[in-house]
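Only the coordinates and a few stated rules stand behind these numbers; no lab work does. All values reported here derive from a predicted model rather than from experimental measurement. Cβ: placed from backbone, ideal geometry, glycine included. Neighbour counts: every protein chain shown.
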């Protein structure tokens, strides 16, 4: 029987004759790719920042970052866009999954016929394609799906109750494991390096953390920044603002990684790690006015080039604003001294307690030295000039911070009102809060600013930490009058601030007169901005210098002034912040070297 | 019946040649009695390229040598120059027709070395994809066995059903052949809406196909004559040659990694491992035919038991800097051809130190085939090779 079955059963295949065919007549038009199909690339050019993560992950080398017409490099955008070679692409879509901004996607289009083989290398989004606006296709699969860690490694900090009455540094610093984990998040795009005023080799030193070659990292940092201990703590980290990782998560904690490297090398190992000598092989002498970031940075690079450098400093210690403006809980003096000591170890001299203009004039320096660099910074305060500011209980934040840093007693009232919304305002607020805690065991400070919290210039972490330290913040109020009674301050009258800037973006605050408040206080501190004091430049010399219409000094790309021997940098030119000062100092040092070799003239103006 | 007498059935084999001390026949090519024939490297017996050097006496094979080297792409070396994440799109090309086993083994190995675990949902999805992958492979090789003996109709039907499975793959993974679906840490997407219903419909098609191929191929007197007693593997050779998968199960060995060393969530599924005894081409095809239905059944079970909700990917470190801790591991899975494993060594850098693949084709197609072919008819070589389910890309990596 089975034999007969074996002969007959294959004929059941004839049953298909009466069935409809299963094939599709016109598959190209009738059958689009599935909603998730990995077809051809699309790129949202506006959203793309040219970080090149797609290029890095591409296993076949199909993606190349190329400059394209109509896209300019700017802060946070390399100006490059991915070009895909379909001769190499394997459509794995890892480029889509790793894209920092989510601009790169794949459409579900899968047919592309052309006679010209060249067209299959194209820049998605720039070279227009029929599938450019297709909604369907491979997209990042869900919000939780990442090929990277979105959250940064949290920095261990002192708890509010541990720090509210002490000046011990708040931030504890990363451990080895934490630093490596944070460094691992970096995608090596280099947007940070382009944005950093000093153009530090950030991806390289982050790689050094990853590979635990900390001495190499240290050398990399010193190439562009001789104050890494300082910058590792209080840099304004413009790099982190543009970090590619910041688009969909937390930016890399670049500042903390810098601090990790700097802290890992002890001061006695600096010379060993940096392997540099001061050649002192040039007979030219350079005077620097001000031992702040600009002066120290320039001194360091000039000393390395072999020049004799002498710094004239008005205060009894070096550091400028880094010492006299920034409280110790943010930047301990030991850290600052570590950086300064290394610079001094190269043979840089500092003459303290010497104020240029009073103790020595610029003209004298010009006579004795081949070139002079001025980086005197912004050490005078601006006032709100509201009625009552002439009262003796009204103080300037910078003066108080400077006095406190020198070890002097500063007045601390039981109830204090601080005016200002920037980092200096936060510094003085938090310093006074600590002193109040020590003196009265409680904090009673109101800090008020014109700006609402969203647009306050202070760093968010400063604002948050001030709140944790029990400071009352009152953003969005404009100071009107300081109320006094029998020679004592009673408080500050304020009006609701409607807007700070006008349509043209100029400072022109508008107030709501019906909405007022009164902040009680026995003492008022103003922290609304700083000004420069360049009275040391004599009238005669001023005639030979260029000023802008708004009274700012004009210098060229190398910070050289119209008086070719005189270089000017730092907060009085750019900034204000430490990293600009360091960058200016480095550039000015190169400018001075060029000038002394006869290769630099003033005619190259800044394109300001 | 004369045909069967020439088959590789030991009981029928009568020594016609002089054998030397090495057990090989003493062949004097100048005697005019023998012919040398090269089969391959391109031929219907295998996907990919592999060559056989056959010495014939009439149309009986007296000596066979396997030659590989036509397909060497240096994958294992390429891996050493790639980040772990970049290995993914390369490793799945090790075996074109069944790429997911590569994905699974490598992803699992990386997870094991770095101490992370894929979420439960991802493990269900991985199992689903592995079974779908097995299914589409079997839809190719079961009728392919008929194709090798000249019965083309089953191949057409099989390919149609396979396309339906590939459609499911396209929906779920975004790719039809190279799925790139499993990554270390999980998978790349959840089930699309309505997938279960569509998948179950395709499974009905699979059962229908199994019935039809049973009629047309397994109950076909011509196929039976060609396949029964052809390509006999002595059960005693199983362990000597390291034979695994359906080839071992057709010789009475109950071997299945899914049962013996359950991975993923296979211990939550219920099925019987098919085992048969005759160990010839027909039995091996029959085992695969049974496997095909078991797999369709498993897919139904997975779709039914898989939880609705849940994360499908564990957070993993930056793919561009992912350093895997120092260590080594071997991860194996049951591919449609048998045990398939990845040995991964990490030296703690972002690049693997060594990745090597243990695939069943290496033993089946190189050592075993040389032995099996002796005494076989030259017309059956293609059929015998198909019955071993050889995949040369996995030999030459």
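If you count, for every residue in A:8-15, the Cβ atoms of partner chains within 10 Å of its Cβ, what is the mean? All intermediate terms of the calculation are to be shown ahead of the outcome.
Working: counts 3, 9, 10, 3, 6, 7, 0, 2.
The shielding value for this peptide is 5.
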What does DSSP give for the protein assembly as shown in terms of the percent of beta bridges that are antiparallel, rounded to the nearest 5? 65 percent
Order of A:8, A:566, A:378, B:269 from fewest to most other C-beta atoms within 10 Å? A:8, B:269, A:378, A:566
Per residue of chain B, what 222 nm ellipticity follows from adding -39500 (n - 2.57) for every DSSP H run with n ≥ 4, rounded to the nearest 500? -12500 deg cm²/dmol
Could you tell me the distance between the Cα centroids of the stretch A:317-331 and the stretch B:305-357, to the nearest Å? 51 Å
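Between residue B:305 and residue B:116, take the C-beta separation as r, use R0 = 41 Å, and let me know the FRET efficiency to the nearest 0.05. Write down the numbers at each step before the final one.
On the way: r = 24 Å, r/R0 = 0.58.
So, using R0 = 41 Å, E works out to roughly 0.95.
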Between the stretch B:52-111 and the stretch A:1-77, how far is it from one alpha carbon centroid to the other, in angstrom? 24 Å
Helix B:120-148 versus the longest principal axis of chain B: what is the Cα-based angle in degrees, 0 to 90, to the nearest 10? 20 degrees
Alpha-carbon centroids, the stretch A:423-446 and the stretch A:541-603: separation in whole Å: 38 Å
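So between residue A:85 and residue A:390, what do we pick up on full extension, going 0.36 nm a residue minus the alpha carbon distance?
Extra length available between residue A:85 and residue A:390 comes to 102.7 nm.
Tell me, B:80, A:229, A:46 in order of fewest to most beta-carbon neighbours within 10 Å? Intermediate results must be reported in sequence, preceding the final value.
Numbers: B:80 13, A:229 26, A:46 10.
The order, fewest Cβ neighbours first, is A:46, B:80, A:229.
Can you tell me how much longer the chain between residue A:47 and residue A:135 gets when fully stretched, taken as 0.36 nm per residue apart minus their C-alpha distance, in nm with one decimal? It would help to have the intermediate numbers written out before the result.
On the way: separation 88, 0.36 × 88 = 31.68 nm, distance 1.63 nm.
That works out to 30.0 nm of additional length.
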Can you tell me the Rg and the Dmax, both Å, for the Cα atoms in the protein assembly as shown? 39.0, 133
Using per-residue counts of other Cβ atoms within 10 Å, averaged over each peptide, order B:85-93, A:579-587 from highest down. A:579-587, B:85-93
Compute the angle between helix B:281-305 and the longest alpha-carbon principal axis of chain B, please, reported from 0 to 90 degrees and rounded to the nearest 10. 10 degrees
By how many degrees, 0 to 90 and rounded to 10, does the Cα axis of helix B:153-173 deviate from the longest principal axis of chain B? 20 degrees
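From the helices alone, meaning DSSP H stretches of at least four residues, give me the mean residue ellipticity at 222 nm for chain A, per-run term -39500 (n - 2.57), in deg cm²/dmol to the nearest 500.
Working: 22 runs with 183 residues, N = 608.
Value at 222 nm, helices only, nearest 500: -8000 deg cm²/dmol.
Apply the a/c threshold of 1.5 to the C-alpha gyration tensor of the stretch A:165-274 and tell me whether it is rounded, prolate or oblate. Each step should come with its number before you reach the end.
On the way: a/c = 1.45, a/b = 1.20, b/c = 1.21.
Rounded shape, in that the Cα axes give a/c under 1.5.
Kindly state, to the nearest 0.05, the FRET efficiency for residue A:277 paired with residue A:406, given R0 = 30 Å and r defined as their beta-carbon distance.
On the way: r = 35 Å, r/R0 = 1.16.
Efficiency for this residue pair is about 0.30.
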At 4 °C and a viscosity of 1.567 mPa s, what translational diffusion coefficient does Stokes-Einstein give for chain B, taking Rh as the Kirkwood radius over Cα pairs? Give it in µm²/s as a whole number. 59 µm²/s
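Let me know the shape class of the stretch B:216-363, please: from the alpha-carbon gyration tensor, a ≥ b ≥ c as square roots of the eigenvalues, rounded when a/c is under 1.5, otherwise prolate if a/b is greater than b/c, or oblate.
Values: a/c = 2.94, a/b = 1.63, b/c = 1.80.
Verdict is oblate for the stretch B:216-363.
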So, with points 7 Å from each Cα along the Cβ direction, the residue A:166-residue A:114 label distance in nm works out to 6.7 nm
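Can you sort B:224, A:19 so the residue with the fewest Cβ neighbours within 10 Å comes first?
By the 10 Å Cβ count, ascending: A:19, B:224.
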Inter-chain shielding metric for B:168-176, i.e. average beta-carbon neighbours from other chains within 10 angstrom, reads 6
